[in-house]
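What follows is a single structure, written as structure tokens, with notes after it.
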Amino acid sequence: MATRTGMIELHPHSATTPDAIEALLDAAFGADRHGRTAYKVRAGTAPLEELSFVALDDGFLAGSLQSWPVQLAAEDGETLPLAMIGPVAVSPDRQSQGVGRHMLRVVAQRLDLAGLSAMLIGDADYYDPFGFLSGPASGWTLPGPVEPHRILLRAIPGSAWPATGTLGPDALRSREGMPSLQA
């Protein structure tokens, strides 16, 4: 189902081609982006369809937001599922026009509906208004270099997250998916 605001409509990723999304990601982040830590965290998983979408402006691909099933392996052996948000990409000619913020508002609403905590790697100043906080996850270990203050957590209210643990893909949940959301 499409979500519309102004000229921007949000659609499932299937509304455009994988090649178009890859070209957008290259334009926004560079062709060397595949070596980044975020790619290693979600390796081998498929995007969570209900939490991934594209922003179209009269058919033009203005943005893309993908979410991935990951898990935190706590030191006590417990594994805790959460969604990894990103990449959040906006076409260079549409940046600073609210496209990314709109996609983040919608994904935050969908996370709330699903009762799902999420994390991302990014700048706290940009993501804080959407509930992603620096600090609670700064002791987590990721499969690659990352500045600890850039590991941001958006926890569902009342949930407790360990200060340490190892973050990685949740291949089982990738196969199972998640329940459909009404947004």
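The values are calculated or read from the model by the stated rules, or taken from the named source; none is laboratory data. These numbers were taken from a predicted model, which means no experiment stands behind them. Virtual Cβ from ideal backbone geometry, glycine too; neighbours counted across all protein chains shown. In case anyone asks, the SASA skips ligands and DNA or RNA and just uses the protein heavy atoms, side chains included. Shrake-Rupley method; radii C 1.70, N 1.55, O 1.52, S 1.80 Å.
Results, tabulated for the structure shown:
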read-out: Residue satisfying all of: in the stretch 116-135; within 17 Å of ALA74 (Cα to Cα) and in a loop (DSSP other than H, G, I, E, B); least open to solvent (accessible area, probe 1.4 Å) among these; value: SER117
read-out: Unique residue being open to solvent by 20 Å² or more (accessible area, probe 1.4 Å) and closer than 22 Å to LEU133 by Cβ when the list is PRO47, PRO18, PRO81; value: PRO81
read-out: Hey, GLY77 in a helix (DSSP H, G or I) and out of contact with any helix residue (DSSP H, G or I) (no Cβ under 7 Å at 6 or more places or on another chain) or not; value: no
read-out: Filtered residues of the stretch 29-85 (kept if more than 26 Å from LEU10 (Cα to Cα) and among the small types (Gly, Ala, Ser)); value: GLY35, ALA73, ALA74, GLY77
read-out: Subset of the stretch 30-44 (residues that are farther than 20 Å from SER117 by Cα and either loosely packed, with under 14 Cβ neighbours inside 10 Å or touching a helix residue (DSSP H, G or I) at 6+ places or on another chain (Cβ under 7 Å) (or both)); value: GLY30, ALA31, ASP32, ARG33, HIS34, GLY35, GLY44
read-out: Search result, residues across the stretch 84-101 that are crowded, with 19+ Cβ neighbours inside 10 Å and closer than 15 Å to PHE132 by Cα; value: MET84, ILE85, GLY86, PRO87, VAL88, GLY100
read-out: Out of SER67, SER96, SER138, sole residue that is under 17 Å from LEU24 (Cα atoms) and in a loop (DSSP other than H, G, I, E, B); value: SER96
read-out: Search result, residues across the stretch 144-173 that are among the charged types (D, E, K, R) and modelled with pLDDT of 90 or more; value: GLU147, ARG150, ARG154
read-out: Long-range neighbours under 8 Å by Cβ, at least six apart or interchain, first residue in contact (Cβ under 8 Å) with a residue 40 or more places away in the chain and within 12 Å of PRO148 (Cα to Cα) within the stretch 117-137, second open to solvent by 60 Å² or more (accessible area, probe 1.4 Å) and part of a helix (DSSP H, G or I); value: ILE121/ARG150
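Rundown of residues vs (1) within 17 Å of the chain's Cα centre (by Cα); (2) modelled with pLDDT under 90, yes/no style:
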| residue | (1), (2) |
| --- | --- |
| ALA2 | no, yes |
| HIS11 | yes, no |
| LEU25 | yes, yes |
| THR37 | yes, yes |
| VAL54 | yes, no |
| SER67 | yes, no |
| ALA73 | no, no |
| PRO87 | yes, no |
